[in-house]
Every structure is written in structure tokens, then in C-alpha cells.
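A.B. asks: The structure's right below; bear with me while I get my questions together.
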Number of protein chains: 2
Amino acid sequence: MDLLTIRELYKDQEKYLDQEITIGGWVRSIRDSKSFGFIVVNDGTYFQPLQVVYSDKLDNFAEISKMNVGAAIIVKGTLVATPQAKQPFEIQAEEVQIEGASAPDYPLQKKRHSFEYLRTISHLRPRTNTFQAVFRVRSLTAYAIHKFFQERGFVYVHTPLITASDCEGAGEMFQVTTLDMDNVPKTDDGKVDYAQDFFGKQTSLTVSGQLNGETYAQAFRNIYTFGPTFRAENSNTTRHAAEFWMIEPEIAFADLEDNMELAEAMLKYVITYVMENAPEEMKFFNSFVDKGLIDRLENVVSSDFARVTYTEAVEMLEKHNDKFDYKVSWGVDLQTEHERYLTEQVFKRPVFVTDYPKDIKAFYMKMNDDNKTVAAVDCLVPGIGEIIGGSQREDDYEKLAARMEELGMKTEDYQFYMDLRKYGSTRHAGFGLGFERCIMYLTGMSNIRDVIPFPRTVNNCEL
Amino acid sequence: MDLLTIRELYKDQEKYLDQEITIGGWVRSIRDSKSFGFIVVNDGTYFQPLQVVYSDKLDNFAEISKMNVGAAIIVKGTLVATPQAKQPFEIQAEEVQIEGASAPDYPLQKKRHSFEYLRTISHLRPRTNTFQAVFRVRSLTAYAIHKFFQERGFVYVHTPLITASDCEGAGEMFQVTTLDMDNVPKTDDGKVDYAQDFFGKQTSLTVSGQLNGETYAQAFRNIYTFGPTFRAENSNTTRHAAEFWMIEPEIAFADLEDNMELAEAMLKYVITYVMENAPEEMKFFNSFVDKGLIDRLENVVSSDFARVTYTEAVEMLEKHNDKFDYKVSWGVDLQTEHERYLTEQVFKRPVFVTDYPKDIKAFYMKMNDDNKTVAAVDCLVPGIGEIIGGSQREDDYEKLAARMEELGMKTEDYQFYMDLRKYGSTRHAGFGLGFERCIMYLTGMSNIRDVIPFPRTVNNCEL
């Protein structure tokens with residue numbers, strides 16, 4: 001159908017003023033008096049709606065006036081400037097065609113609904129202002145991330161979702177199976193007979209694409225993943241979802257410093273892209289969701305990120321232990337309260353904390369010369385704390401094998417990963433960005449359920 | 001690290017000729033004589049490798065000469081033009097530093113390996129010419145798809161992977177569970193007690209994001225999904241994988257004609273983008289994988305796609321029934337042999353086949369006035385047959401409910417989907433593009449296992 005979008009009208013109004021145009025959209029509100037009426041229409045292409053003025057000269061005046069909120073209409077008319085009104089223009093309708101009526105029990109009436117209520121109608125909530133804004137920003141952010149990496153020649157790798165490895169603890173993974181749950185086949189010694197499962201072995205949903213990603217970095221040099229990951233953690237918080245998206249770049253011939261430069265450039269790029277491409281939405285968040293949002297993001301873009309080692313950071317934090325619920329000392333993992341104190345109070349800008357104790361970090365991180373710390377890095381930002389976690393990877397076969405043995409892991413289970421250290425190993429590094437946490441950061445939304453179209457959490461898998 | 005990429009050298013050679021530069025990469029081949037040697041290096045950023053010349057003036061001449069294929073090196077030297085050679089330039093090395101040696105049993109020796117063998121080392125195969133080309137094209141294609149939709153204002157929607165609905169047949173779905181398989185909890189009446197499962201109900205991996213996608217099209221007008229989908233089909237063919245990626249745009253205020261225009265524009269855009277951004281890779285495929293590839297793709301870009309109804313197509317095909325294994329008659333689903341005959345022999349260009357019998361298509365497709373056919377469309381392309389399948393959706397509540405009842409489906413199970421027809425329904429349409437099939441089409445690769453980094457198929461879930 002040949003319809004103009006409301007975005008086109010706003011972006012190029014000079015072109016359309018005083019012209020006859022046709023648009024389609026959904027009724028946000030409608031009010032009428034005896035001989036004329038006003039309809040506010042949103043067509044989903046632009047944050048601002050469009051006002052339609054109609055009069056009893058239209059044959060179907062009565063029918064139009066009886067429409068409910070949510071109805072779909074197609075309006076033909078003239079776009080006229082409205083210099084006295086808060087909106088820049090309106091359509092004076094010559095024709096209002098009802099494309100699809102809306103039943104009187106439409107759940108989104110013209111009033112403020114709570115986010116809790118809107119979560120129960122996840123198929124309709126994108127029709128509200130807040131969720132129009134959230135999910136447009138989500139889309140733009142995803143694209144900004146692709147654009148950032150592609151413009152730098154990174155290769156996008158689809159690492160697998162179904163996996164037979166359980167490197168980060170099988171207890172938190174979802175199992176994937178085609179076995180008959182009513183009657184699970186067993187072997188002679190009473191174990192589940194996974195030989196009969198679809199893949200001939202036990203499989204789960206991945207918790208990270210990193211190890212697979214590393215294999216491609218050792219071929220393409222710079223790669224990134226962007227795909228779903230899963231955690232079967234039984235934690236019912238505002239920050240955990242069972243299904244979420246992650247971005248995991250991996251760079252070869254690169255060390256921790258290169259990793260930090262990449263992370264800083266990426267964050268700045270993404271924030272800038274979203275602020276430029278969704279200014280109306282960002283203004284909305286700044287007014288109605290999180291008052292300091294735009295200032296905070298602008299501050300991130302214009303700051304040089306600070307750098308501090310974990311050891312130095314702990315020294316700084318120990319002086320303020322009276323302020324914390326969890327007291328800090330060398331060796332403990334930093335909590336959000338510590339991270340936020342560092343970035344908000346001490347540095348007043350984003351900060352990279354590096355070189356964490358090996359015992360609180362993963363086996364694959366590169367051991368530092370002190371043999372106590374590893375070349376890990378977390379990026380902390382004001383308002384949220386950790387947003388990115390990464391490391392330089394252990395690229396030395398012997399050191400990696402020793403560390404794995406120390407942790408009771410078998411190198412045989414990771415033969416492909418060991419191979420990377422055996423055949424043309426390079427220093428390399430990478431990080432992970434939780435996509436939803438990034439969206440929460442960009443929008444000020446405080447519950448992860450409100451930045452995922454159809455969230456999956458404990459006991460919740462609707463639609 | 002401050003290394004130039006081989007891509008930069010090729011793209012801007014004037015700038016670097018006769019300059020001292022440093023590059024890093026992996027040894028593809030090495031040969032030496034008494035006092036000098038040649039190394040062919042690939043750094044993963046460009047399809048063409050770089051030749052390094054080194055001599056016994058280097059302290060580690062002997063060590064360099066002993067390197068195995070696959071070693072990682074960092075080379076400092078001068079880039080010099082080589083007008084007599086097939087490659088445009090080479091590096092005369094002043095320093096060759098071995099970043100990571102390669103063990104003598106490196107599985108990728110300088111000879112041609114079969115695709116079958118390479119599948120057994122999926123972590124190393126991206127280091128070969130063919131798979132460098134395949135996976136760079138895969139990355140570029142993904143980006144081209146995002147770029148196409150984002151430039152047109154489409155909103156990218158992440159539809160869920162874990163789902164409690166089983167609209168397209170639970171038999172082909174993977175179950176997702178955290179129940180203890182060794183000891184599946186049962187209710188009093190002996191059924192699996194899914195109340196104890198992570199989501200409190202039975203869940204599976206999605207086979208399509210379409211129904212969820214439609215909810216967002218009724219809010220944003222134009223949306224697309226791009227994410228993984230799963231089929232637990234026990235079919236061991238060259239075209240089926242258990243885990244693959246799909247693109248599913250959905251457009252509101254749009255009919256079948258709009259849908260076809262979108263599909264045609266998208267295919268042309270993606271082909272053009274890949275040919276422009278991976279010319280070396282495409283030339284390689286055209287020479288070594290599929291001789292007619294580039295001609296065929298160029299023909300698609302420059303053709304107006306043909307349009308024919310299923311009924312007309314069947315009439316055309318029936319005249320040639322002697323040529324087919326499966327005979328054609330009205331009512332049967334078209335096989336690949338028929339599809340290819342239509343697009344390659346009859347039309348000699350891509351063709352949209354529309355208005356299929358309702359009985360061979362899905363419940364949500366819009367019923368035509370004849371009450372026999374639905375507003376479905378398949379896009380057929382030379383060399384492959386069907387590449388895209390889509391339809392206009394049934395937007396009338398009563399007609400949809402009647403069709404579902406006819407098929408024994410319960411509207412209560414699809415309440416959210418029915419709601420879209422109750423509150424501001426619009427004519428709308430969409431299609432699905434299997435991403436891997438698209439990559440096979442663009443590269444000429446004939447086995448789906450060779451276009452997925454770590455393929456998952458029956459009895460195969462490695463790495």
C-alpha cells in the first residue's frame with residue numbers, strides 16, 4: 001500500500017505541507033463534538049503521533065466517532081501547519097477508512113498503566129509510548145553494534161546455541177533433548193541412555209560463545225558474536241533473565257590494552273548512535289524514566305575512561321568500608337555497591353578495573369607474572385556498575401594446562417581449545433557485553449523484563 | 001598491538017609501498033634455500049595472502065626456516081612492489097618474530113583437504129581458503145540484511161527462543177528442561193510434573209518467530225526478526241540442520257504485492273552488497289566451487305522477478321510431466337525439480353508463485369475469495385528453487401477462527417494471536433528467509449554443514 005509514514009512527515013515536512021497525503025496507523029485517542037472530532041494516530045514509525053481532524057462532512061462521521069482506542073485507520077487528507085499548537089502540523093481528513101476496529105475491552109486505555117500490568121500483555125505493550133521507545137532503542141542499539149564491528153572489518157560469527165560442553169557449570173544450564181520424558185530410556189546400568197537422544201549425547205543451551213569465538217579469532221583475527229545465551233539460574237531479580245543476548249568480540253594479536261580500547265570505542269559509538277537516531281525516545285526516557293540519563297550518557301561519551309588495577313581499587317575502597325554492606329578486602333569479588341562507588345564517587349567517569357585475583361576469575365584468563373592475578377578487565381560505568389567483563393586469554397599451552405589441572409578440569413574435554421595454543425597461538429583478548437544490560441543502561445529502564453520483547457524468567461514463559 | 005592488516009595493504013597500497021610496516025598473521029606456506037626464504041602469510045582480514053621474503057641476515061634465519069605451516073608470526077619490513085610477480089607486492093623482512101609456533105602434526109598441511117575431513121576439525125577449517133571465503137560472506141550477508149531493513153526503518157525484534165507454544169507440531173521440536181532426567185518427577189496420575197520444571201510448564205525451542213513478530217508489526221508497522229530457530233527433524237540431508245538462523249520480516253498495512261516487492265528488493269540488495277564487498281571471495285567461489293555463480297547472481301539482480309499463480313504454474317508444469325520424478329497436478333506441493341524447472345526453463349529468472357491451495361499451507365494464511373487458495377507466495381530462484389516463503393496473513397477474526405476450527409486447533413491456545421485481529425487488525429504480510437539457504441545460494445556451497453561454523457545435525461554436536 002502506498003502510505004506515507006509519520007516519520008517521513010516529521011523528517012521532511014516542507015515537502016508534504018498543504019499536500020494531499022495518505023497515512024495509516026492506530027488510534028491512540030479520539031474525541032468528538034457535534035460536528036467535528038480529533039484523532040491522535042501513531043503508526044509505529046515515529047515516536048510522535050499525528051493529529052487528524054475530521055468533520056461531519058464525512059459520510060461515516062458517526063462511525064468514526066464511535067471507534068475505540070486501538071483501532072487501525074487509513075486517513076487521506078491535507079497536511080496543514082498548526083503554528084499555534086504544540087504539534088507542528090495536523091491532517092485535515094477527507095477520508096477516514098476503518099481498517100480494523102478495536103473491541104471495547106481493549107486493554108490499553110488512555111491512562112497510565114503500570115509496567116507490571118503491561119508485562120501481562122506483552123503482545124500489546126509495544127503499542128505504548130514507553131515500549132515503543134524501549135524497543136526502537138533496542139533495535140537501533142543492535143544495529144549500532146553490528147555497524148561498529150563491521151566498519152572495523154570484524155567478522156560476525158554465529159556460535160552454536162546447542163552445545164555438548166558444560167564448561168561453566170552444568171547446574172545452571174538448560175538441557176535440550178528429544179527423549180521421551182514420560183519414559184526416559186535407560187542403559188543396562190540404569191543411566192539415561194543419551195545414545196538415543198537426538199545428538200547421541202547429552203546437550204544443553206550455551207552460556208557463552210567465547211570458546212568457539214576464539215577459534216574464529218585465530219583464523220580471522222577480529223571477530224564478534226551476537227546471539228542468545230541462556231542461564232537456568234533460579235534467581236528472580238530485576239537483572240536476570242533465563243534467555244538473553246550477548247555480544248562477545250575476540251581479537252587476535254591483541255592484549256588487554258587493545259581490549260580496553262575496543263570496549264571504550266564501542267560503548268561511545270553505540271551511545272552516540274542511539275542519541276543521534278532516537279533523540280525523541282531518549283528525551284522521553286530522560287523526562288519520564290530516569291532524570292539524569294542524557295547527562296550521564298553524554299559524560300561517558302566525552303570522558304577518557306579511567307584505568308585502575310583491582311589491587312589499587314581495593315585500597316581506595318577499603319578507606320570507605322563504613323559505607324558498604326559488604327566490606328572490601330583483597331581477594332573478594334567487587335559488589336555493585338563497590339563498583340558504583342568507584343565509578344561514581346572516586347573517578348566520576350567510566351573506569352576499567354584490571355588484574356583481578358585469579359581465584360575469582362575464569363580458567364582461561366592469562367596469568368600475570370605475579371602468579372596471583374590474571375589479565376582480566378571489568379568496565380564500570382556510573383549508574384550501573386559493571387557493564388563489560390573481559391580478559392586477555394592464556395595463550396601458552398603449558399600454563400593453560402597447568403591452570404586447568406589446578407582447577408580439576410580435563411584438557412581432553414577441551415581439545416579444540418588446547419589446539420589453538422598448539423598451532424599458531426597468538427596473544428588475544430575479548431570481552432562480553434550483556435545486550436539487555438546495555439539497553440537498560442541506555443534507557444534507564446530498571447527491570448530486565450521491560451527491555452526484552454517476551455522475557456523468560458523463572459516460572460515465566462508466556463507467548 | 002599496532003599492526004597493519006593485509007586488507008589495508010591491498011586497499012591502499014600506494015600509501016604503504018616502500019614504507020616500513022609491521023603485520024601479523026599465520027603461515028600458509030614456507031620454503032627456503034640456503035640464504036633466503038619465502039613465507040606466505042594470511043592474517044584473516046583479506047582473502048589474498050602476503051608474501052614475506054627473509055634472508056640469512058636475520059639472526060633467527062634458521063629458526064624461521066624450521067617453522068611449520070600454521071605458525072603465527074609478526075613481521076616488520078619494507079613493502080616493495082613486485083611488478084613481475086603475480087602478487088602486486090611483498091614484504092622484505094627486517095624482523096620475523098615467532099608469536100606462536102605450530103606443532104608438526106598441524107592438521108592443515110599445504111594440500112587440498114576434502115570438505116568431509118574439514119568438518120571433523122571445525123575449529124581449524126576457517127583457516128582454509130574456502131572457509132575464509134564462506135564465513136566472511138556469511139558475516140557480510142548478515143550485515144547486509146540488517147542494513148537493508150534498518151535503512152528502511154524496520155525495527156529489529158528479538159523473538160524468544162524458548163517457547164511454550166507448539167504451533168507447528170511438537171514432534172519436531174527440541175524440549176528444554178531443567179528436570180532431573182535420571183529421575184523425572186511425576187504427578188499423582190503418573191504424568192511428568194512440569195510444574196517442577198524451570199518455567200513451571202513444558203517448553204521447547206522455537207521453530208519460527210513469526211507469530212510473535214506479528215504482534216510487533218501491529219505496533220511498529222514494519223519489523224524483522226533475525227535469530228536462531230530449531231528443528232528436531234531426523235533428516236540427514238545436505239540441506240537440513242537442527243539449528244539454523246532465519247530472517248522473518250513482517251509488514252502491516254501491506255498485502256501480498258507489498259510482500260513480494262520487499263522480498264525482491266531485499267534479495268537484490270543482499271546480492272549486490274556481497275558482490276561489492278567480497279569480490280575476491282566471490283571470484284574464488286565462481287572458479288572453484290560453482291562455475292556459473294556470478295552470472296546467475298548478476299542475472300537475479302538485473303531481472304524483474306516474474307509472477308505466476310500456483311494454478312497457472314501447475315498448468316505449465318503438467319505439460320512437462322514426462323520430465324519429472326513426481327508428477328504435477330493441482331493440489332500437490334511443488335517439489336524442487338518443479339520449482340527449478342519453472343525458474344530455470346520456463347521463466348529463466350526468479351519467479352514468485354502465489355495463491356497456493358489452502359490445504360498445503362499454514363493456518364494463518366489469508367483465504368482468497370475462491371475459498372480454495374490462500375494468499376501465499378514462494379520465491380523461486382535459478383539454481384536452488386524456493387528461497388523464500390511467505391504470505392499475507394488472515395486478518396479477519398472470524399475467518400481465522402473458522403479456519404483454525406477446521407484444522408482442529410483451539411483459539412484459546414492462541415489468544416494473543418487472536419487479539420491482534422480483535423484490536424486494530426490491519427492487512428499484513430511477511431516472509432521467511434532461511435539464512436543458511438541464502439548463504440548456500442550466494443556461495444554455491446552445496447552442504448549446509450559447510451556454511452555453519454559449528455553445525456548441529458542428527459548425531460552431531462561437536463565443539
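A.B. asks: Run the reach check for B:Lys323 against lysines, Cα to Cα strictly under 19 Å, same-chain hits fewer than 8 apart removed. What comes back?
C.D. replies: Within the straight-line cut-off, B:Lys323 pairs with B:Lys348.
A.B. asks: Taking H as built 1.01 Å from N, whose amide H comes closer than 5 Å to the amide H of A:Arg307, not counting residues under 5 places away?
C.D. replies: Long-range HN contacts for A:Arg307: A:Phe352.
A.B. asks: How many angstrom lie between the C-alpha centres of segment A:227-242 and segment B:313-373?
C.D. replies: 45
A.B. asks: When 1/r is averaged over all different Cα pairs and the result inverted, which Kirkwood radius in Å belongs to segment A:100-231?
C.D. replies: On the way: mean 1/r = 0.0520 Å⁻¹.
Hydrodynamic radius (Kirkwood, Cα only) of segment A:100-231 equals 19.2 Å.
A.B. asks: Another one. Report, to the nearest 10°, how far helix B:279-288 tilts away from the longest principal axis of the Cα atoms in chain B, using its own Cα long axis and a range of 0 to 90°.
C.D. replies: 80
A.B. asks: Put +1 on the Cβ of each Lys and Arg and -1 on the Cβ of each Asp and Glu in chain A; which of A:Val40, A:Thr159, A:Ala217 then has its Cα farthest toward the positive end of the dipole?
C.D. replies: Most positive-ward Cα: A:Val40.
A.B. asks: Quick check: residue separation of A:Lys34 and A:Arg7 times 0.36 nm, minus the Cα distance between them. What number comes out in nm?
C.D. replies: 6.6 nm
A.B. asks: I need the inter-copy label distances for A:Ser55: point set 7 Å along Cα to C-beta, values in nm with one decimal, smallest first.
C.D. replies: Distances between equivalent label points, in nm: 9.2.
A.B. asks: Assume the label is 7 Å from Cα along Cα to beta carbon: what separations in nm does B:Met409 have to the matching positions in the other copies?
C.D. replies: Label-point distances to the other copies, shortest first: 4.5 nm.
A.B. asks: Once you list every other residue whose beta carbon is under 11 Å from the beta carbon of B:Thr45, what net charge do they have if Lys and Arg are +1 and Asp and Glu are -1?
C.D. replies: Details: positive: A:Arg152, A:Arg221, B:Arg7, B:Lys11, B:Arg136; negative: B:Glu8, B:Asp43.
Overall, the nearby charge balance is +3.
A.B. asks: Any idea what angle helix A:397-406 forms with the longest principal axis of chain A, computed on alpha-carbon atoms, 0 to 90 degrees, nearest 10?
C.D. replies: 90
A.B. asks: Separate question: Count charges around B:Asn447 for me, please; just the other residues with Cβ under 11 Å from its Cβ, Lys/Arg as +1, Asp/Glu as -1.
C.D. replies: Result for the local shell: 0.
A.B. asks: Starting from the Cα of B:Val301, step 7 Å along the direction of its Cβ; do the same at B:Asn321; then give the gap between the two resulting points in nm.
C.D. replies: 4.2
A.B. asks: Based solely on C-alpha atoms, express the radius of gyration and the Dmax of the protein assembly as shown in angstrom.
C.D. replies: So, for the protein assembly as shown, Rg and Dmax equal 29.3, 101 Å respectively.
A.B. asks: Rounded, prolate or oblate: which fits segment A:101-177, taking a ≥ b ≥ c as square roots of the Cα gyration tensor eigenvalues, rounded meaning a/c under 1.5, else prolate when a/b beats b/c?
C.D. replies: oblate
A.B. asks: Rounded, prolate or oblate: which fits chain A when a ≥ b ≥ c are the square roots of the eigenvalues of the alpha-carbon gyration tensor, with rounded for a/c under 1.5 and prolate only if a/b beats b/c?
C.D. replies: Note, shape of chain A comes out prolate.
A.B. asks: If you only keep lysine pairs separated by 8 or more in sequence, or across chains, how many in segment A:350-463 come under 19 Å at the Cα atoms?
C.D. replies: Pairs that pass both the separation and distance tests number 14.
A.B. asks: At 222 nm, what value in deg cm²/dmol follows for chain A if DSSP H runs of at least 4 each add -39500 (n - 2.57) and the sum is divided by all its residues, to the nearest 500? Please report the intermediate quantities before stating the final value.
C.D. replies: Values: 14 runs with 137 residues, N = 463.
Result for chain A: -8500 deg cm²/dmol, rounded to the nearest 500.
A.B. asks: Just tell me which lysines come within less than 19 Å, Cα to Cα, of A:Lys15; anything on the same chain fewer than 8 places away is out.
C.D. replies: Output for A:Lys15: A:Lys76.
A.B. asks: Shifting gears a bit: If you rank A:Leu297, A:Leu4, A:Leu380 by fewest surrounding Cβ atoms within 10 Å, what's the result?
C.D. replies: In order of increasing Cβ crowding within 10 Å: A:Leu4, A:Leu297, A:Leu380.
A.B. asks: Using a Förster radius of 60 Å, what is the FRET efficiency between B:Ser114 and A:Asp18 based on their Cβ-Cβ separation? Nearest 0.05, please.
C.D. replies: Between B:Ser114 and A:Asp18 the formula returns 0.30.
A.B. asks: Let me ask something else. With viscosity set to 0.692 mPa s at 37 °C, what whole-number translational diffusion coefficient in µm²/s follows for segment B:153-243 from Stokes-Einstein and a Kirkwood radius over Cα pairs? The partial results should precede the final answer.
C.D. replies: On the way: Rh = 15.2 Å.
Estimated via Stokes-Einstein, D reaches 217 µm²/s.
A.B. asks: Using the 7 Å Cα-to-Cβ label point, sort the distances from B:Asn371 to its equivalents in the other copies shortest first and give them in nm to one decimal.
C.D. replies: 8.5
Quick note: the coordinates plus some simple rules give every number you see, no bench work behind them. Remember, predicted model here, so these are calculated numbers, not experimental data. Neighbour counts are summed over all protein chains in view; Cβ atoms, including those assigned to glycine, are modelled from backbone coordinates with ideal geometry.
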